[in-house]
Structure formats: C-alpha cells, structure tokens
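Just below is one structure, and these are the notes that go with it.
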Amino acid sequence: VQLQASGGGPVWTGESLKLSCSGSRSYNYAFMGWYRQAPGKERELVASIRVPSGGSPNYADSVKGRFTISKSNGRNSVNLQMNNLQPEDTAVYYCNAKFFTGAEHWGEGTQVTVSS
C-alpha cells in the first residue's frame, strides 16, 4: 500500500473529523485527494489538491463550505478536515494520489459513519 491513511470513525450529526494521508516522498505525485463510496453507490471525488504546492483545491458540491483539504508536513501528505458532518457523508473514504501521467495510487479505505 503506497498511501497511509488515518482518521475516520463514528460521529454524530454536526460533529467533525480529520482524515490524514501520506505517501512516500520518492513518488512525484501531481495531485492528492479523497474519494468516498457509500453502500450501493459509485465512488466519488470528495476533494483534491495539488502537491507539493497545496494549490488548486477542488471540492464536490456536496461538501463545499464544510470540508477543507490542505497540505500537511511532507511532500506527499494531506489532511481533510470535515466539519458539520451529516448522515449522507457516511461512506468509506479512500485516499488517492495521481501522477501527471494519469497513473494513480490508492490507500486502504477508512470508514466514516455519521449518526443522527
């Protein structure tokens, strides 16, 4: 597994969580971000950011204003701060890293469960 992810867990509606993801410094990733997959649904992009600059953050409409993606320490490390979580945010969240070539790496999923 090229990407190490942490965070996630069970929370109540309106609470916050932070997901963290880091990859080996030997990889020259262009973008890093998070996808999620809810039961019975396709995997969808949640947020992404340029690395190592931390520029050009991109968000799914459903999380704009609530989630913030940012660069962390290290070339290939990002955080996803998730605030005001809602039951519809319940999903398995996957860290993703993309090369300029389009090739990509995936981390193991981490479960986020939001109960009302």
- Query: So which residues in segment 9-47 are within 11 Å of C95 (Cβ to Cβ) and open to solvent by 20 Å² or more (accessible area, probe 1.4 Å)?
  - Reply: S20, S22, Y35
- Do the conditions hold for S53, that is, is it modelled with pLDDT of 95 or more and either of a type in the set (G, A, S) or surrounded by 14 or more Cβ atoms within 10 Å (Cβ to Cβ) (or both)? no
- Note on the structure: When every residue in segment 1-31 that is of a type in the set (G, A, S) and out of contact with any strand residue (DSSP E or B) (no Cβ under 8 Å at 6 or more places or on another chain) is compared, the one farthest from S56 (Cα to Cα) is G14
- Message: Restricting to segment 1-30, name every residue that is part of a loop (DSSP other than H, G, I, E, B) and aromatic (F, W, Y).
- Response: Y27, Y29
- Item | Members of segment 34-79 found to be within 21 Å of G23 (Cβ to Cβ) and of a type in the set (S, T, N, Q), listed by number | Q37, S48, S53, S56, N58, T68, S70, S72, N73, N76, S77, N79
- Query: Condition test on R75, is it more than 15 Å from the chain's Cα centre (by Cα) and charged (D, E, K, R)?
  - Reply: yes
- Query: Only one of (1) in a loop (DSSP other than H, G, I, E, B); (2) under 17 Å from E104 (Cβ atoms) is not met by G33, so which one is it?
  - Reply: (1)
- Task: Considering every residue within segment 92-106, establish whether at least one is in contact with a helix residue (DSSP H, G or I) (Cβ under 8 Å, 6 or more places away or on another chain) and open to solvent by 30 Å² or more (accessible area, probe 1.4 Å).
- Result: no
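The values are calculated or read from the model by the stated rules, or taken from the named source; none is laboratory data. Every value quoted in this text rests on a predicted model; they were computed, and no experiment measured them. When we count neighbours, we look across all protein chains shown, and the Cβ atoms used for this are built from the backbone with ideal geometry, even at glycine. Ligands, DNA and RNA are excluded from the accessible area calculation, which covers all protein heavy atoms including side chains. Shrake-Rupley method; radii C 1.70, N 1.55, O 1.52, S 1.80 Å.
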